[in-house]
Amino acid sequence: VVVREAFRSLEALGLVDIQHGRGIYIRGVEEIDLLDLLAFTRSLDSFTLEEVIEGRAMLELAVLESCIARAQAPQISEMADLLDQMHDDPPLPGIDSVLHKLFHQVMLRATGDRLLFNVGMPLLNTFWALGNSGRLQLPPDAAQTDMVAAHAAYIKAIRDHDLSNTRVLVDRHLLGLCSKYQVFPYVELARKTAVLPE
């Protein structure tokens, strides 16, 4: 009974998949999101939309800048191949896409940081799950965002080892949500909230 309850708890957290008559399977890190874990420990309503957006943006910025510093040629080529596939099947803003997820998995691996990968994929999945649920409201002009161009800009920055524009690239990739909600790493935020000496 104790073991059965333990597995039910793990299933509620999204860590295992119980298939009656077949067995219990551990879910891969690429499949896990933190929504179930957060719901298990505290209500999702306790997190503001701004906190969710900022958390994703902070992760995105760290991953992009790590890729710029560390990505190797084979990983950049894999991203470019996925981008070519995106040209044929472009991801829509705010809609889950297999190619989009694969692109970000490659980026996470290219950071060379296994901990960042193991934490990053569930966080990204959580963001996508929130978007799919309708909880994350997209700006009216989000549908105009060219997701292929946003990913191409990431690859260009990574190839050129260019850290100068990463905050703008992250905001563009996140459909302008950082600037809309005035959250980090929006470039103008620091100027608007700076405390001036008296």
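Of all residues in region 148-159, those being open to solvent by 20 Å² or more (accessible area, probe 1.4 Å) and either at pLDDT below 95 or acidic (D, E) (or both) number 1. The C-beta contact set for region 62-74 (first residue under 15 Å from N165 (Cβ atoms), second residue surrounded by fewer than 22 Cβ atoms within 10 Å (Cβ to Cβ) and of a type in the set (D, E), distance under 9 angstrom, 6+ apart or interchain) comprises I68/D160; I68/D162.
Answer yes or no: is there a residue in region 83-97 that is modelled with pLDDT of 90 or more and either touching an Asp or Glu at 6+ places or on another chain (Cβ under 9 Å) or closer than 17 Å to I158 by Cα (or both).
Going through region 83-97, the residues modelled with pLDDT of 90 or more turn out to be 83-88.
Of the ones still in play, those that are also either touching an Asp or Glu at 6+ places or on another chain (Cβ under 9 Å) or closer than 17 Å to I158 by Cα (or both) are 83-84.
Yes, region 83-97 contains a residue that is modelled with pLDDT of 90 or more and either touching an Asp or Glu at 6+ places or on another chain (Cβ under 9 Å) or closer than 17 Å to I158 by Cα (or both).
Filter region 55-89 down to residues that are small (G, A, S) and under 18 Å from M147 (Cα atoms) and give me whichever is surrounded by the fewest Cβ atoms within 10 Å (Cβ to Cβ).
Filtering region 55-89 for residues that are small (G, A, S) and under 18 Å from M147 (Cα atoms), the one surrounded by the fewest Cβ atoms within 10 Å (Cβ to Cβ) comes out as A80.
Among the conditions (1) farther than 28 Å from L49 by Cα; (2) out of contact with any His (no Cβ under 6 Å at 6 or more places or on another chain); (3) in contact (Cβ under 8 Å) with a residue 24 or more places away in the chain, L83 misses just one, which is (2). Give the residue that is modelled with the highest pLDDT, with candidates limited to residues of region 1-23 that are touching a Lys or Arg at 6+ places or on another chain (Cβ under 7 Å) and part of a strand (DSSP E or B). Going through the qualifying residues, I end up with D17. Among the candidates T111, T126, the residue that is open to solvent by less than 30 Å² (accessible area, probe 1.4 Å) and either of a type in the set (K, R) or at pLDDT 75 or above (or both) is uniquely T111. Only a single item in (1) open to solvent by 70 Å² or more (accessible area, probe 1.4 Å); (2) at negative phi; (3) of a type outside the set (S, T, N, Q); (4) at pLDDT 75 or above is not met by D162, and it is number (1).
The values are calculated or read from the model by the stated rules, or taken from the named source; none is laboratory data. These numbers were taken from a predicted model, which means no experiment stands behind them. Cβ sites come from the backbone with ideal geometry, for glycine too, and all protein chains shown count toward neighbours. Note: areas computed on protein heavy atoms with side chains; ligands, DNA, RNA excluded. Shrake-Rupley method; radii C 1.70, N 1.55, O 1.52, S 1.80 Å.
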